[in-house]
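In what follows, a single structure is set out as structure tokens and then discussed.
Quick note: the coordinates plus some simple rules give every number you see, no bench work behind them. Only a predicted model underlies this, so the values are computations on that prediction, with no experimental measurement involved. Counting neighbours? That spans all protein chains shown, and the Cβs are built from the backbone with ideal geometry, glycine included.
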Amino acid sequence: MLRDIDNYFLQHDEQTNSCLQSLRAYILAKDKNLTEAWKYRMPMYYYKGKMCCYVWVHKKFKQPYVGIVEGSKVKHPDLLAEKRSRMKIILIDPAKDIPVKKLNDIFKQMLALYKD
């Protein structure tokens with residue numbers, strides 16, 4: 001039987017699912033201290049037990065994104081705050097390659113917040 005978190009990924013069309021699965025693998029491979037959990041009915045990622053990011057699909061744009069929990073403390077031109085005060089997101093176009101350089105920059109800053 002599949003876990004809720006696995007069902008979340010499978011409920012999307014093939015292109016979106018593939019993008020989300022790639023983001024999932026990217027996040028988990030970024031640092032050995034990153035772990036995955038099902039929280040608030042979404043895939044949430046923790047650094048040493050502290051929530052740091054999540055993946056979701058934007059309702060308006062229909063694109064996957066990575067949400068950064070402490071996004072207000074991470075500086076990157078592609079991070080969107082929208083109506084959030086704390087969290088920011090980076091939209092990922094599932095029809096294109098994942099912008100690894102951008103994500104590397106964002107994750108470097110994000111992980112530094114938790115390592116200090």
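For Ile89, the conditions (1) of a type in the set (A, V, I, L, M); (2) assigned to a helix (DSSP H, G or I); (3) surrounded by 14 or more Cβ atoms within 10 Å (Cβ to Cβ) are fulfilled apart from (2). Among the conditions (1) touching a helix residue (DSSP H, G or I) at 6+ places or on another chain (Cβ under 7 Å); (2) among the β-branched types (Val, Ile, Thr); (3) surrounded by fewer than 17 Cβ atoms within 10 Å (Cβ to Cβ), Val100 misses just one, which is (1).
Consider Pro64 carefully, then state whether it is touching a residue at least 40 places away in the same chain (Cβ under 8 Å), in contact with a Phe, Trp or Tyr (Cβ under 9 Å, 6 or more places away or on another chain) and surrounded by 16 or more Cβ atoms within 10 Å (Cβ to Cβ). Criteria met by Pro64. For segment 70-111, a residue qualifies if it is over 14 Å from the mean Cα position of the chain (by Cα) and touching a residue at least 60 places away in the same chain (Cβ under 8 Å), and exactly one does: Ala95.
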